[in-house]
Each structure stands twice: as structure tokens, then as C-alpha cells.
Amino acid sequence: MAVLATCEELCDSILSGVQVGEFAVVQPLSVEYSYILGYLLAWKLLLTFFKSSPSHLRAHYAQFLRRSCSLNKLLLHLFKLMPENPVYPGQGAETKTFFTESQSLAVHHGESVEWELPHLACSVYFSTVQDLPAMVRLWWNGQEKRVSAAVEKFTIKYVSPVLSAQEISSVHSSTQMFESMTVKARSAAREVIATYSVDEIFIELVIQLPQNCPLGSISVESGRRVGVAVQQWRNWMLQLSTYLTHQCGESIRPATARFCLSTSIIRTRLMHRVPWSQRLATPALDHDAPPGESFSESTSACFHIPLYKKGTF
């Protein structure tokens, strides 16, 4: 973190005269180039470490980044270092970009040093929106109109389609199965539909990614439902919406799993005629969560989200 802090101050000085949305031309292999390269590599390492950490540690790391404002500064720097048109070099048509193509960080590689810094900046931004979506959304909402418009326009055009495709693909490739549960993903609509049907109970949930993913909030809508009280369903939807809005580096797959587990709880409660007032907290969904703490509790620690405890339904 000491290296990151030092490079951050130097980048502040180097990029101070550049507006957000403008492309800062940095002379390859210059002193300024070396400082910015070190800064971006430090962030790349930090985000890799963050992603590989268990959920309860990610919550603490996210709190630190929020308190230190380091992520806010990074995002401002990135929108001065990413090119307006991040097309991969040598392309006749805009089919490949710095967001669709991975970057080799080896000492000897084929990419021109001219594009090394812009490509790395794009790579760091994609890792940031992928691993810290809620914090990026919070930063974006707090920016002035000119900055937020520039960020959204760039993100919608180059980042959101790639990120949405990865999210939907992760659902398609998931091997997790649940009894009496069907999960379908629609790439064109950017949505996942989960249906649970057994005996007299039928529940349908629709989770849709926004066009400006992850800047906008993921929508959670109810489809058809039979056998579930209206108030209980509303509370349930509120929990899922809150979880998805404040998630710390998780995809929509855990939300689908949460829905599946909760439907099993509903069926169990109805079969045993247990009052809803005695409903227990949702079981932990992540084996990395601390003992005695559910995944929702671990996630909520990032942003101090109030959870529904026993007796609140």
C-alpha cells in the first residue's frame, strides 16, 4: 500500500491538467510513463488479491478502499488514461477492443509499448467494475453531471456488453443444481429467470442487468407466484434487491442460489406449518464466510446493510 500511495501522489501531479474524458498522451518509457505504469500494476495486483480473498476479508478491504478514497482517485485517473476509442491495434473493424482482449504482462511480448499503458488502464477499469461494482456505482452517482455522463457513455459502449455477457455466461456454465428449480439465462435481454415449482407452490423470479451495468442497479422483479403471502414476497424481494445492490465482488449466481435455497425453506415451513414469525435467517451460501455468519451477513458488512432477522417477517 505504501507503493500505491506514493504512485498515487505522482499520478495526481502528472494528470492534474487533464480533464476526465480526455486522453492523456504519456511518452513511452519516460519517467512519467514509469510512474503511471507502476501505479496501474500495483492496482492490478491489489484487485487480483481482492478477488482471490474470501468474502469476509473482501468486506474489510472494501471498507479500507472507501475510507482512503483510493478507489475514487483511481477511477478519475483511469478516465484520463483510457483512449476514447479503445480498439485493439491492427483491427480493420471495431470487433476487438482492450476490454475484449487480455493483455500479456510479460517482459517480452508482441504488443507495442505505445499501447501498453492504455491497454493496462482499460484492464484495470474492467477488473474494478467486475470486482467492486457497488463501489464504482457509488462513485459514479457522486460525480458532477459532465463526468457521470462521460463515464456512462464510455461504459455502456465498451464495458457493459462484455460484463453482461460474462455474467449471463456464468449462469449458463454453472453446474449447481437445485431440486424442483429451473434457471434460464437470456443473453439478449440480459436477464436470468429462476422458477421453483413443487406441489401447490409456484414461484418465479426475474433478475435483469441494466444497460449501463454495473453503474445502474440490477432489477429484481417477481413473475408468477402461487402459495406465498404478499408481504412475505415483498420482504423477500427487498432482501434480494439489497443484496444485489451492495454486493462485494460477486456475480448474479449467488443471488440465484439464495433464491433457490429460500424457496426450499418456504416449502419446508409450509409443510411443517411453522409460522413465518419463526423463520430463520437464510443459510450461508459461501463456505468462506466466518463460522456462524451467513453469506448475506458477510456481504452486508461492506455497506452496513440492515438484514432481516428472526421475528421481523
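How many residues does region 225-258 contain that are among the basic types (Lys, Arg), over 19 Å from residue 189 (Cα atoms) and either within 19 Å of the chain's Cα centre (by Cα) or modelled with pLDDT under 70 (or both)?
2
Would you pick out the residues in region 12-37 that are of a type in the set (Phe, Trp, Tyr) and either part of a helix (DSSP H, G or I) or modelled with pLDDT of 90 or more (or both)?
Those that are of a type in the set (Phe, Trp, Tyr) and either part of a helix (DSSP H, G or I) or modelled with pLDDT of 90 or more (or both): 33, 35.
Looking at (1) touching a residue at least 60 places away in the same chain (Cβ under 8 Å); (2) assigned by TED's automatic domain parsing to the domain that holds residue 16; (3) surrounded by 14 or more Cβ atoms within 10 Å (Cβ to Cβ), which is the one condition that is false for residue 137?
Answer for residue 137: the failing condition is (2).
So which of 189, 121, 185 ends up being at pLDDT 80 or above, over 15 Å from the mean Cα position of the chain (by Cα) and either assigned to a strand (DSSP E or B) or charged (D, E, K, R) (or both)?
185
Of the conditions (1) within 22 Å of the chain's Cα centre (by Cα); (2) of a type in the set (A, V, I, L, M); (3) surrounded by 17 or more Cβ atoms within 10 Å (Cβ to Cβ), residue 24 fails just one. Which one is it?
Result: residue 24 passes all but (1).
How many residues does region 63-87 contain that are in contact (Cβ under 8 Å) with a residue 24 or more places away in the chain and over 22 Å from residue 147 (Cβ atoms)? Show your work before the answer.
From region 63-87, those in contact (Cβ under 8 Å) with a residue 24 or more places away in the chain are 63, 65-66, 70-84, 86; that's our starting set.
Still in the list and also over 22 Å from residue 147 (Cβ atoms): 63.
Of the residues in region 63-87, 1 are in contact (Cβ under 8 Å) with a residue 24 or more places away in the chain and over 22 Å from residue 147 (Cβ atoms).
Out of 57, 40, report the one residue that is at pLDDT 90 or above and not in a loop (DSSP other than H, G, I, E, B). Explain how you work it out, then say what you get.
Numbers: 57 fails: at pLDDT 90 or above.
Checking each option against the conditions leaves just 40.
The values are calculated or read from the model by the stated rules, or taken from the named source; none is laboratory data. It should be emphasised that the depicted structure is a prediction, and the values quoted were computed from it without experimental measurement. When we count neighbours, we look across all protein chains shown, and the Cβ atoms used for this are built from the backbone with ideal geometry, even at glycine.
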